[in-house]
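Just so it is clear, none of the values below were taken in a lab; they were calculated from the coordinates. Please read all numbers here as calculations on a predicted model, not as lab measurements. Every residue, glycine as well, gets a Cβ built from its backbone with ideal geometry; the counts of neighbours run over all protein chains shown.
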C-alpha cells in the first residue's frame, strides 16, 4: 500500500448534523425537511475527499459511547477505511445551519468529552504499527480533552524518523510543539495561524486588522518559520485567495469562486486536494490549485467534506 498512500489522524470524531433553511430567523422556531447527518471531523473529511479522488487512505481515530456503531456505519456508507482505538468517551455532535436566503453558514460546535485512561497509549501503538504502510501522514484538527501536549509532536517525529511526508492542519501547542520535527507542510487557516503566531492580530474570535497589516505580519512569521524549520506554509482564507510560503517566497493564489451551498469541510477538501497533487508530483502551485478546486467543489454541495 505504501506508494502514494495516506494515513490521516484526527483525535476528535464528530457526528455532523446539517440543516438547510430557506430563511433562518433568530429567536423563533425554524423548521426544515432538508437535513442530513454524516460522520465528520477534519480527518474524516480529508479521508473522504482523498477516497473520492481515488487515493488509498486509512483514517485513525478513537471511538466510544453508544453512537460508535452509527459512526462506523456512516463511514462504511462512504466507503472509508477506518482504524480506531477504544476511548470510552461519547462522540460529539456539531451542527451546520444553512440560510439559503443569504448564503450564510453557521456552525454550532460541541466540545469533545475527555477520553478515558489509556486511550493515548493505545492510539500511539496503533499508529506505530500502521506507519510502515504509508507514504504521507496528515494530522488534522484539535484533539479531544485527555490527550497530552506531547501526543501530536510525538506522532510527527515518528513519521519523519521514517522519512514520510507530513502535513499538519493543527494549531496552538500541537503546532508549535511539532515544529522542531520539520513537518513538510503547515496548513492551518489564516485565523488559526494568527492565533498561534501573531496573536496581536486577534480580537475576540476574529482577525481585527486591515489586510495589508495582516499580510505583512503573516509574511514575517512565515519567513521565520521557513528559515528555522524548512516547512512550507499554506493558509486558506475562506473564499479569499490562498496565501502560501516556501523557499521561493510568498505566494498568493487566486482561484475561481463559486456560489456556496455549504462551506463546512472546504478547508479539509483543500488539504486533501493539495496532498493528492503533491503525491502525484505536481508543483506546489499546481497542488494548491487542486486543493482550491476541491474546496470549491465541496462548497457547492450540501454534504460537508465531499467533492461529489
Item to complete: Compute the relative contact order of the range 139-296 as a whole-number percentage, counting only Cα pairs closer than 8 Å that sit 6 or more residues apart in sequence.
Response: 15 percent
Worksheet item: At 10 °C and 1.306 mPa s, what whole-number value in µm²/s does Stokes-Einstein give for the translational diffusion of the range 1-149, with Rh from the Kirkwood sum over Cα pairs?
Response: 96 µm²/s
Worksheet item: When the helices in the chain are scored as -39500 (n - 2.57) per DSSP H run of 4 or longer and the sum is shared across all residues, what 222 nm value do you end up with, to the nearest 500 deg cm²/dmol?
Response: -10500 deg cm²/dmol
Worksheet item: Once the Cβ-Cβ distance between residue 26 and residue 77 is put in as r, and R0 is 35 Å, what FRET efficiency do you end up with, to the nearest 0.05?
Response: 0.55
Practice prompt. Rank the residues 290, 226 as a footprinting-exposure proxy: fewest other Cβ atoms within 10 Å of their Cβ go first.
Written response: 226, 290
Worksheet item: What FRET efficiency do you get for residue 37 and residue 103 if R0 is 25 Å and r is their Cβ-Cβ distance, rounded to the nearest 0.05?
Response: 0.65
Discussion item. Roughly how far apart, in whole Å, are the Cα centres of the range 103-156 and the range 226-267?
Written reply: 23 Å
Worksheet item: What nm distance separates the two modelled labels at residue 223 and residue 149, each placed 7 Å from Cα along Cα→Cβ?
Response: 2.9 nm
Worksheet item: Roughly what % antiparallel, to the nearest 5, for the DSSP beta bridges in the chain?
Response: 40 percent
Worksheet item: When you count, for each residue, the other Cβ atoms within 10 Å and take the mean per peptide, how do 238-251, 171-184 rank with the highest first?
Response: 171-184, 238-251
